1. Tell me the GluC sites (Glu not before Pro) within segment 1-65 that lie in a loop according to DSSP and have at most 15 other beta-carbon atoms within 10 Å.
2. Taking the alpha-carbon centroid of each part, what is the distance from segment 53-68 to segment 1-24 in angstrom?
3. Mind listing the phi-derived Karplus ³J(HN,Hα) values for segment 42-49, rounded to whole Hz, using 6.51, -1.76 and 1.60 with θ = phi - 60°, and x for any glycine or proline?
4. Out of all Cα-Cα pairs in the chain, roughly what percent, to the nearest whole number, are more than 15 Å apart?
5. Step through the residues of segment 30-36 one at a time and calculate ³J(HN,Hα) from phi using the Karplus curve (6.51 cos²θ - 1.76 cosθ + 1.60, θ = phi - 60°), rounding each to whole Hz and writing x for Gly and Pro.
6. Counting alpha carbon pairs within less than 8 Å and at least 6 residues apart, what relative contact order, in whole percent, applies to the chain?
7. Compute the long axis of helix 9-23 from its Cα atoms, compare it with the longest principal axis of the Cα atoms of the chain, and write down the angle in degrees, 0 to 90, nearest 10.
8. Using modelled backbone amide H atoms (1.01 Å from N, in-plane), which distant-in-sequence or interchain residues come within less than 5 Å of Ile4's amide H?
Amino acid sequence: MIQIKEMSEEEIYKLAEITAEGFKNNPGFQLWAEDANSRKYVLTQFFKIVLEQLITNNATHTTSENYEGICGFGLKRPG
């Protein structure tokens, strides 16, 4: 696993958009917007924020420099 330490805004948006495409028709997100295109927009914004926060907190890893797979790890802080 390779830790992602930084990405451009364009790269982050592109990855968020790709992720949103995969979830826009997921039944768990049907209430997020009325149609698939609107859900894709909302989900892209959501995943963009999540990805930005994970990168900021050094909690994002990928399988390669081509970002075929990305995962985020959150650590519970004491207190």
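Throughout, read-outs are computed from the coordinates displayed, never taken from laboratory work. Owing to the predicted nature of the structure, the values given are computational and were not obtained by experimental measurement. Here the Cβ positions follow ideal geometry from the backbone for every residue, glycine too, while neighbour counts run over all protein chains shown.
1. Details: sites: Glu6, Glu9, Glu10, Glu11, Glu17, Glu21, Glu34, Glu52, Glu65; in loops: Glu6, Glu34, Glu65.
Counting only loop positions with at most 15 other Cβ atoms within 10 Å, the GluC sites (Glu not before Pro) in segment 1-65 are Glu6, Glu34, Glu65.
2. The two parts, judged by their Cα centres, are 9 Å apart.
3. 4, 5, 4, 4, 4, 5, 4, 5
4. Numbers: 1801 of 3081 pairs.
In whole percent, the long-distance tail amounts to 58.
5. Per-residue couplings from phi come out as 4, 7, 6, 6, 6, 9, 4 Hz.
6. Values: 89 pairs, mean separation 29.6, N = 79.
In percent, rounded to a whole number, it is 38.
7. Tilt relative to the chain: about 50 degrees.
8. Thr60, His61, Thr62
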